[in-house]
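Q: Below is one structure. I have some questions about it.
Readers should treat all values here as calculations from the given coordinates under stated rules, not as data from a laboratory. For clarity, every value in this text was computed on a predicted model and none was experimentally measured. Glycine gets a Cβ as well: all are built from the backbone with ideal geometry, and neighbour counts include every protein chain shown.
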Number of protein chains: 2
Amino acid sequence: MRETIGFIGLGHLGLPIAANLVEAGHQLRIYNRTPGKADGLVARGAQLAPRPVDTASPGGIVVTVLWDDEALENVVTSEGFLQQLGPGGLHISMSTVLPETAQRMAALHAPHGSTYLDAPIFGRPEAAVARQLWIPVAGAAAAKDRARPLLDAMGARGVFDFGEAVGSATIVKLVGNFMIVSAARTMVEGLSMAEKNGVDPKAVVDMLTTTLFAAPIYQSYGKMIAEKTAPAMQGGIPFKDLGLFRRTAERVGSPTPISGRLHDLVGNAQT
Amino acid sequence: MRETIGFIGLGHLGLPIAANLVEAGHQLRIYNRTPGKADGLVARGAQLAPRPVDTASPGGIVVTVLWDDEALENVVTSEGFLQQLGPGGLHISMSTVLPETAQRMAALHAPHGSTYLDAPIFGRPEAAVARQLWIPVAGAAAAKDRARPLLDAMGARGVFDFGEAVGSATIVKLVGNFMIVSAARTMVEGLSMAEKNGVDPKAVVDMLTTTLFAAPIYQSYGKMIAEKTAPAMQGGIPFKDLGLFRRTAERVGSPTPISGRLHDLVGNAQT
């Protein structure tokens, strides 16, 4: 039996990642706001924890896959959590938040002797199932070494090291999500223009995504857009993450008019 | 000795393409507004034609690689050009123009028994030298069959057939160029945001262009943007081609706010 791991957050992405850990032989202690979501994992031997603090063991590892900054902060500051994790503890934080939130969480850990690892995830839920996640990491070298086999067990196809400064991996994630939303909306406009001019969008996608744009993002979204099965690039995660990207750019005075237009477009669609 | 080919337009892209044809053993009759640009090709056996009409032979092939719609129309309507090309003649038109300009040129050819082939080029000048061009084609099947070995000799790595309707290949080209400008400007904003937050843009490019964005456009532009050696995505071709994209979208009522923002950005930089 491998090390018991605390796991908090069974959303669309957290659930398949937790399942991969169970599959790899890890005992999990799970906290989720809606406990029913853990039923399948509990049936496979995972334990249900009534509170965040109950997922942690002294010097152990807790993984969080949470919706936003507030949810992450609520866990870290929940009663007894940092005290219970304590010296030698490791918090692998995989949510997409503001870099300064990540830095603030790291600073809350430090006096308790536990470590915060900045490890957001690139990949849709189906990529987690297929073990095709890409994970940038930033934090203390020892934390990265300790986390690595666990990230692999979660379904990482590749892990990229962005140094020791917590927040750096989150910045890469925000840049990548901005690029994804931009690519998808650009394809929507381009393929619509082609189709309305009588050119089959599938043929356009076939050419462009086997040549100049022969990349997974274009191939997967392009096919879905051409076939009208693409998930709406509206509201939800794209809206939230573009907002984080823009705040992080504005904080350092980095101009970003394209993200502004995208944010408006994605946001206007919210009802 | 292979078939003698008329060749009009020795711009940044026309020149290496013409050189590839000479290299492949074709005799060229070249017209260029600035005749001096042909010197190197003339030294290798190409002939210089004083007027567009002098590049054409009855039932022969003329290739044009021209800057814009007006330059293309000036050649096709130049004195005697269509009469000289005549029945069985083939005009391989590789400029990026409005689809309706391509259709209008095809209609001018028809009464003379010559054929217009819509064959714009994806690829920067260095891609022409490396024989890594991607060429969408649209037009009569016989014209495509006849042009194919010549397109290969020009440096095509791949040729994609978009049917018989002239203008369809041009639409694909406009969509592709819009996607290229969008991808490049998005990377500029994203990498600037990362760098100003202390994250090495080269490391960001290394991760993203070997994973989600593992495509030639992102790899080549990403490296140049990170190293501050990227060509300015301003004025010139991006501005012209975004304008053509937008007119073609507007004509069919296809909304395209992202191309509007890009067009403003690319145009504002013109001085």
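Q: Nm distances between the label at B:Met224 and the same-position labels in the remaining copies, 7 Å along Cα→Cβ, shortest first?
A: 3.1
Q: Let me make sure I get this right: for segment B:136-222, a, b and c are the square roots of the gyration tensor eigenvalues over alpha carbons, sorted descending. Under 1.5 in a/c it's rounded, otherwise prolate if a/b > b/c, else oblate. Which is it?
A: Cα axes put segment B:136-222 in the prolate bin.
Q: Also: Helix B:99-109 sits at what angle to the longest principal axis of chain B, using alpha carbons and giving 0 to 90 degrees rounded to 10?
A: The angle comes out at about 10 degrees.
Q: Compute a Gaussian network model of chain A, connecting alpha carbons closer than 10 Å, and tell me which residue from A:Ser57, A:Ser182, A:Ser220 fluctuates the most.
A: A:Ser220
Q: In addition: List the residues whose amide H sits under 5 Å from the amide H of A:Leu48, counting only those 5 or more places along or on another chain, with H placed 1.01 Å from N in the peptide plane.
A: Result for A:Leu48 returns A:Ile30.
Q: Give the cross-link partners of A:Lys223 among the lysines, using a straight C-alpha distance below 20 Å as the criterion and excluding same-chain residues fewer than 8 apart.
A: A:Lys196, A:Lys202, B:Lys173
Q: If you don't mind, another one. Among residues other than A:Gly9 whose Cβ falls under 10 Å from its Cβ, what is the net charge (Lys/Arg +1, Asp/Glu -1)?
A: Residues close to A:Gly9 contribute a combined charge of +2.
Q: Roughly speaking, what is the stretch gain from A:Thr210 to A:Met224, that is 0.36 nm per residue apart minus the C-alpha to C-alpha distance, in nm to one decimal?
A: So the chain would gain 3.5 nm between A:Thr210 and A:Met224.
Q: Given a cut-off of under 8 Å on Cα pairs at least six residues apart, what relative contact order in percent is computed for segment B:193-246?
A: In percent, rounded to a whole number, it is 23.
Q: Related question: Taking the 0 to 90 degree range and rounding to the nearest ten, how far is the long axis of helix A:236-251 tilted relative to the main principal axis of chain A, both from C-alpha atoms?
A: 80 degrees
Q: Return the calculated 222 nm mean residue ellipticity for chain B, to the nearest 500 deg cm²/dmol, obtained by summing -39500 (n - 2.57) across DSSP H runs with n ≥ 4 and dividing by the residue count.
A: Taking each H run of at least 4 residues, the total per residue is -15000 deg cm²/dmol.
Q: Within a Cβ distance under 12 Å of A:Phe162, other residues only, what is the Lys/Arg minus Asp/Glu net charge?
A: Here the count lands on -2.
Q: What number in nm² do you get for segment A:5-164 if you take the convex hull of its Cα atoms and divide its surface by four?
A: Convex hull of Cα atoms, orientation-averaged projection: 7.9 nm².
Q: Normalised by the residues of chain B, what does the relative contact order come to in percent, with Cα pairs under 8 Å and at least six apart?
A: Worked out over chain B, it gives 13 percent.
Q: Right, another one. Provide the FRET efficiency to the nearest 0.05 for the B:Arg251-A:His112 pair, computing r from the beta carbons and using R0 = 51 Å.
A: That pair, B:Arg251 with A:His112, gives E of 0.20.
Q: All other residues with a Cβ under 10 Å from the Cβ of A:Thr248 taken together, and with Lys, Arg as +1 and Asp, Glu as -1, what is their net charge?
A: So the surrounding residues net to +2.
Q: Defining the label point at 7 Å along Cα→Cβ, can you sort the distances from B:His112 to the same site in each other copy, shortest first, in nm?
A: Computed spacing set for this position: 8.1 nm.
Q: Short version: ³J(HN,Hα) in whole Hz for each residue of segment B:22-37, in order, from phi by Karplus 6.51 cos²θ - 1.76 cosθ + 1.60 (θ = phi - 60°), x for Gly and Pro, what are they?
A: Values per residue, Gly and Pro as x: 4, 4, 7, x, 7, 7, 10, 10, 9, 10, 9, 4, 9, x, x, 5 Hz.
Q: How high is the relative contact order of segment B:170-268? Use alpha-carbon pairs under 8 Å, at least six apart in sequence, and give a whole percent.
A: 34 percent
Q: Taking a label point 7 Å out from Cα toward Cβ, give me the nm distances from A:Gly163 to the same spot in the other copies, shortest first, one decimal.
A: Shortest to longest, the spacings are 5.2 nm.
Q: I'd like the distance between the alpha-carbon centres of segment B:170-207 and segment A:1-46, rounded to an integer number of Å.
A: Using only Cα atoms, the two centres lie 37 Å from each other.
Q: Size of the dipole of the protein assembly as shown about the Cα centre, Lys and Arg at +1 and Asp and Glu at -1 on the beta carbon, nothing else charged, in debye to 20?
A: 220 debye
Q: I would also like to ask the following. Exposed loop sites here are trypsin sites (Lys or Arg not before Pro) in DSSP loop states with at most 14 other C-beta atoms within 10 Å. What is the longest stretch of chain B lacking them?
A: B:45-227
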